[in-house]
Amino acid sequence: MRKLMKTLAFCALLALSAPAYSQHLHIRIAPPRLQIETMPPAVSGEVWQPGFYQFNAVTNSYDWIPGHYAAPPQASMTWVAPHYVERSGEYIFIPGHWR
């Protein structure tokens, strides 16, 4: 019973803190040009997901996330790479996703 109460308290704490992590970042620094990557040999049935820059709010800079192969959820799906869109002087991150 004690373990259940601790688990419930932890879950409540996570639920209350989630909005703090999901707040919109106001990124005013343009992302760097994408790096040119050398793709390793293809993996059967997997799709190359190219690397991208992810904004780091702690350092106020961009970190490079290298590309990798991943299996699509369904064979007919294609990968849409993550990217940034500039709106009113801010850069909005659009996460990569399967379509």
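What to note about this one:
- Restricting the first member to the range 46-64 and to residues that are over 16 Å from His83 (Cα atoms), and the second to residues that are in a strand (DSSP E or B) and open to solvent by 50 Å² or more (accessible area, probe 1.4 Å), the beta-carbon pairs closer than 6 Å and six or more apart or on different chains are Val47/Trp79.
- The residues in the range 1-38 that are surrounded by 10 or more Cβ atoms within 10 Å (Cβ to Cβ) and modelled with pLDDT of 95 or more can be counted, and the count is 8.
- Considering residues of the range 75-88 that are closer than 14 Å to Pro31 by Cβ and not in a strand (DSSP E or B) only, the residue nearest to the chain's Cα centre (by Cα): Pro82
- The set of residues in the range 89-99 being over 11 Å from the mean Cα position of the chain (by Cα) and either in a loop (DSSP other than H, G, I, E, B) or polar (S, T, N, Q) (or both) consists of Gly89, Arg99.
- Some residue of the range 64-74 being touching a strand residue (DSSP E or B) at 6+ places or on another chain (Cβ under 7 Å), under 20 Å from Ile27 (Cβ atoms) and surrounded by 11 or more Cβ atoms within 10 Å (Cβ to Cβ): yes
- Pairs where the first residue, in the range 86-99, is within 29 Å of Ala71 (Cα to Cα) and of a type outside the set (Gly, Ala, Ser) and the second is assigned to a strand (DSSP E or B) and open to solvent by 70 Å² or more (accessible area, probe 1.4 Å), C-beta under 7 Å, 6+ apart: Ile94/His83
- For the range 40-59, taking the residues that are hydrophobic (A, V, I, L, M, F, W, C) and under 30 Å from His26 (Cα atoms), the one that is most open to solvent (accessible area, probe 1.4 Å) is identified as Val58.
The values are calculated or read from the model by the stated rules, or taken from the named source; none is laboratory data. As the structure is a prediction and not an experimental result, all values here were calculated from the model. Reconstructed Cβ throughout: ideal geometry from the backbone, glycine too, with neighbour counts over all protein chains shown. Just so you know, the surface numbers come from the protein's heavy atoms only, side chains and all, with ligands and any DNA or RNA stripped out. Shrake-Rupley method; radii C 1.70, N 1.55, O 1.52, S 1.80 Å.
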